[in-house]
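A.B. asks: For reference, the structure I am asking about is given below.
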């Protein structure tokens, strides 16, 4: 684990040194859904949340974006946001968050809720 954290910090340091004058073009945010939204639950502060946050940090570095933590509609209003959700999103949730296409998230969006019938479960867009 320490090797991975050291590698991540080295990547961040290297990117800062190579592009110190680069303007931030947007923000990468995590987007907890379902059980991951329970701030006191094991998924939010545990391994899955830490993994999602580190993935978002690395994606931010690769895209030249800032890392913004968990999405907050007020704090991130007006910013170009790239989402890293904790699960596949349904279309209504994606639209509420401002996700308009495959360039807006690292994941997928379904036409219907994952709890609905098999019909309508095809992906609207996905980059995986």
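The values are calculated or read from the model by the stated rules, or taken from the named source; none is laboratory data. These figures come from a predicted structure and were not determined experimentally. Cβ coordinates were reconstructed from backbone atoms using ideal geometry, including for glycine residues, and neighbour counts include every protein chain displayed.
A.B. asks: Go through the range 103-116 and give me each residue that's surrounded by fewer than 16 Cβ atoms within 10 Å (Cβ to Cβ) and either more than 18 Å from residue 33 (Cα to Cα) or at pLDDT 90 or above (or both).
C.D. replies: Residue satisfying the conditions is 103 alone.
A.B. asks: If residue 126 passes every condition in (1) exposed (fewer than 14 other Cβ atoms within 10 Å of the Cβ); (2) touching a helix residue (DSSP H, G or I) at 6+ places or on another chain (Cβ under 7 Å); (3) modelled with pLDDT of 90 or more but one, which one does it miss?
C.D. replies: (3)
A.B. asks: May I pose another question? Here is a check on your reading of the model: is residue 6 surrounded by 11 or more Cβ atoms within 10 Å (Cβ to Cβ) and either modelled with pLDDT under 80 or in contact with a strand residue (DSSP E or B) (Cβ under 9 Å, 6 or more places away or on another chain) (or both)?
C.D. replies: no
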